[in-house]
Amino acid sequence: MTKIGQKRTIPKKGIPKQSKKKISTLKRKVWGQFTKYIRYRDNLKATGSIWYGECFTCGEPKEFHQLDAGHFVPKHNSNLFSEHGVHAQCRRCNRMLSGSQLAYRRHLVELYGEEETNRLEFENKETKKFTVEELDGLYAHYFAEVKRLEMSR
C-alpha cells in the first residue's frame, strides 16, 4: 500500500500477461490466414485450382482440406510465417512422417536452390519475438493475399 503523495513503483517483469495473451491470440489468427494462403498458393501452382493440390513431398493429389501447411524444419517463431519454408503437405507426410524432411529438402533445393535451403535451415536457429504491430501487419497482408487468390480461381 502506498501513502498519499508517494509514487507507486511497478515491478519490471517483462511483457504483461495480457500482452502475451494478445500476442498468442494474434499468432493464431495470422496462422489461420497464412496456412490458407500457403495451401491456395501451392494448389494453384500444382492444379490451377485452390480446391485441389499435391503434397509438396510425396506428390499425392489431395483436396484443400486434406492438406496442411508443413514446415521444412520444426516450427519456431523465426520460421513460423516463412513462405519459402512452408508448403502444402498431406497429413501423412506432415504429421506421421514428421514432415518427410529428406524429400522436403530435395524439393526445396530444386525449387529455390542450395543457398536458400541452407538459409532456411539457419533461420530455424534464430530467435524471433513478434510485436502486436508486426502480427497485425502480417494478418492484414495474408488476409488480402487469401482474398486475392480466392478471386483468381
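Pick from Y40, Y52, Y112: which is most flexible by mean-square fluctuation in a GNM of the chain where alpha carbon atoms under 10 Å apart are linked?
Among Y40, Y52, Y112, the largest GNM mean-square fluctuation belongs to Y112.
As a footprinting exposure proxy, order L138, L67, L102 by other Cβ within 10 Å, with the fewest listed first.
The most exposed by this proxy come first: L102, L138, L67.
Taking +1 at the Cβ of each Lys and Arg and -1 at the Cβ of each Asp and Glu, which of L120, V132, L102 sits farthest along the dipole of region 35-144 towards its positive end, judged by Cα position relative to the Cα centre?
L102
Relative contact order for the chain: what is it in percent, counting Cα pairs under 8 Å that are at least 6 residues apart?
26 percent
Full-extension gain between T25 and N118, please, as 0.36 nm times their residue separation minus the C-alpha to C-alpha distance.
30.4 nm
Near K29, which aspartates and glutamates are there with a Cα under 13 Å away, not counting those fewer than 8 places off in the same chain?
Those aspartates and glutamates meeting the cut-off are E134, D136.
To the nearest 20 debye, what charge dipole does the chain have about its Cα centre, counting +1 at the Cβ of each Lys and Arg and -1 at the Cβ of each Asp and Glu?
Roughly 1460 debye for the chain.
For region 72-145 and region 31-56, write down the distance between their C-alpha centroids in whole Å.
Each part reduced to its Cα centre gives a spacing of 14 Å.
Check each of the GluC sites (Glu not before Pro) in region 68-153 and keep only those in coil by DSSP with at most 10 other C-beta atoms within 10 angstrom; list them in order.
E126
State the label only: which of (i) 2, 9, 15, 15, 14, 12, 10, 8, 6, 4, 3, 2, 1, 0, 0; (ii) 2, 9, 15, 18, 17, 14, 8, 4, 3, 2, 2, 2, 2, 1, 0; (iii) 1, 9, 17, 21, 20, 14, 9, 5, 3, 1, 0, 0 corresponds to P(r) over Cα pairs in 5 Å bins from 0, in percent computed from the shown model?
Entry (ii).
Every read-out reported here was derived from the displayed coordinates using simple, explicitly stated rules and does not represent laboratory data. Computed from a prediction, not measured in an experiment: that's the story for all the values here. Note that we place each Cβ from the backbone using ideal geometry, even for glycine, and neighbour counts take in every protein chain shown.
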